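One structure is given below, encoded as structure tokens.
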Amino acid sequence: MAIKRAKVITVTSVKGGVGKTSTVLNLAGIYAGMDKKVLVIDMDLSSSTIALSLNLDVKKDLFYLAEDINNNRFSNIEDYLIKYSDNISILAAPKDPRLENKISSRYLKLILGKVNSVYDVIILDTIHHMSKYTLTCMDNSDWIIYLMSNDPYDLKNMKSMISILKDMGKTNYKVVLNESINHNNKIFTKYDIRNIIKNEIDFVIPSSFYIKNYHKYIIDGKIVTMDSKVRVVNKKAIEVFNDLAKSLLEDNVLENKK
Ligand SMILES: Nc1ncnc2c1ncn2[C@@H]1O[C@H](COP(=O)(O)OP(=O)(O)OP(=O)(O)O)[C@@H](O)[C@H]1O
Ligand SMILES: [Mg+2]
């Protein structure tokens, strides 16, 4: 029997605050609903947003893990993972951002190797610039989600990023327009956006997914897409997340053709 290997997905962007962390958690909720086992790794090492969003009590974070590997104290990866629900586990970033530079990015590959056969999907949250960590995430992922908002700075930077991705020979990225951010301010049409970024938009999270009391979910440590009310009221957005989630389970056909 073939050994199961998780699909590894990086969620990133060229601008801060466009909904990366929310999308990571929302996708995790969607996969959990599909009965997939999901591990979320918080690779935004400048803050511990995933653990904070889910109200998790973190005993051992990525810094501890890296230190233990470094000092030959590591024995079981499970000691560092926090169970959020039956299907979702978390590897948290350190709370103290000063520890960021003390974690070697080379450990990510090693960590992925230890969890690959246990999970169906591994989702990596990142910071919005191409730090060494973001680059390592991208290089070790099956798919990269580039999230962008309907904002001129974001779109102009996205255009540059698309040409960089093409230069790098990357074909495994999906461009996702998040219209639930700046939902009242749809500056450009989709036609305009395609022309600005010189690329297709693969998925659109609709403006109807703007949730007024979103902060309440964060305060309560809940994942929006796991809420039965949201799943009914925001049917259109849930369908988009479902389609996106399914597409990320597929192999990258372009890569195979290379
Ligand atoms: N669907 C939504 N409805 C309402 N508010 C939302 C929605 N999605 C995200 N937000 C809010 O938008 C803000 C930015 O979201 P988020 O933190 O996910 O972005 P990010 O790209 O991870 O940011 P950063 O670059 O700082 O890591 C947060 O305050 C979040 O609560
Ligand atoms: Mg974030």
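The values are calculated or read from the model by the stated rules, or taken from the named source; none is laboratory data. What you see is a predicted model; the values in this text were computed from it and never measured. Cβ sites come from the backbone with ideal geometry, for glycine too, and all protein chains shown count toward neighbours.
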Q | In the stretch 205-231, residue nearest to Leu244 (Cα to Cα) [restricted to those that are free of Cβ contacts under 8 Å to residues at least 40 places away in the same chain, among the β-branched types (Val, Ile, Thr) and surrounded by 18 or more Cβ atoms within 10 Å (Cβ to Cβ)] | A | Val230
Q. So Ala66 clears everything in (1) outside any loop (DSSP other than H, G, I, E, B); (2) surrounded by fewer than 17 Cβ atoms within 10 Å (Cβ to Cβ); (3) more than 15 Å from ligand 1 (Cβ to nearest atom) except one condition, right? Which one?
A. (2)
Q) Does Ile127 meet the test of being within 16 Å of ligand 2 (Cβ to nearest atom) and under 19 Å from the mean Cα position of the chain (by Cα)? A) yes
Q | Qualifying residues in the stretch 179-198 (those that are more than 10 Å from ligand 1 (Cβ to nearest atom) and touching a residue at least 40 places away in the same chain (Cβ under 8 Å)) - the one farthest from Leu248 (Cα to Cα) | A | Ile196
Q.
Considering only residues that are crowded, with 20+ Cβ neighbours inside 10 Å, in a loop (DSSP other than H, G, I, E, B) and within 14 Å of ligand 2 (Cβ to nearest atom), which ones fall in the stretch 21-63?
A. Met43, Asp44, Leu45, Ser48, Leu54
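Identify all residues within the stretch 244-258 that are of a type outside the set (A, V, I, L, M) and either farther than 25 Å from Ile90 by Cβ or free of Cβ contacts under 8 Å to residues at least 12 places away in the same chain (or both); write none if there are none. Give the derivation first.
Going through the stretch 244-258, the residues of a type outside the set (A, V, I, L, M) turn out to be 246-247, 250-252, 255-258.
Those that are of a type outside the set (A, V, I, L, M) and either farther than 25 Å from Ile90 by Cβ or free of Cβ contacts under 8 Å to residues at least 12 places away in the same chain (or both): Lys246, Glu250, Asp251, Asn252, Glu255, Asn256, Lys257, Lys258.
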**Q.** Condition broken by Ile144, with the remaining ones in (1) within 16 Å of ligand 1 (Cβ to nearest atom); (2) surrounded by fewer than 22 Cβ atoms within 10 Å (Cβ to Cβ) satisfied
**A.** (2)
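Among the residues of the stretch 210-233, count how many are part of a helix (DSSP H, G or I), touching a Phe, Trp or Tyr at 6+ places or on another chain (Cβ under 9 Å) and not hydroxyl-bearing (Ser, Thr, Tyr). Before the answer, list the steps.
Taking the stretch 210-233 as the starting set, the residues that turn out to be part of a helix (DSSP H, G or I) are 214-220, 224-226, 228-233.
Remaining after also requiring touching a Phe, Trp or Tyr at 6+ places or on another chain (Cβ under 9 Å): 224-225, 230.
Filter once more, keeping what is not hydroxyl-bearing (Ser, Thr, Tyr): 224, 230.
Selection size over the stretch 210-233: 2.
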Q: Among the residues of the stretch 135-164, write down those that are part of a helix (DSSP H, G or I) and in contact with a strand residue (DSSP E or B) (Cβ under 6 Å, 6 or more places away or on another chain).
A: Cys137, Met138, Asp154, Met158
Q: Would you check which residues across the stretch 69-102 are of a type in the set (A, V, I, L, M, F, W, C), part of a loop (DSSP other than H, G, I, E, B) and closer than 26 Å to Tyr31 by Cβ and list them?
A: Leu81, Ala92, Ala93
**Q.** Unmet requirement for Arg73, which otherwise passes all of (1) away from ligand 2 (no atom under 16 Å from the Cβ); (2) under 30 Å from Lys156 (Cβ atoms); (3) surrounded by fewer than 23 Cβ atoms within 10 Å (Cβ to Cβ)
**A.** (2)
Q) Looking at (1) more than 16 Å from ligand 2 (Cβ to nearest atom); (2) modelled with pLDDT of 95 or more; (3) part of a loop (DSSP other than H, G, I, E, B); (4) closer than 30 Å to Tyr119 by Cα, which is the one condition that is false for Asp251? A) (2)
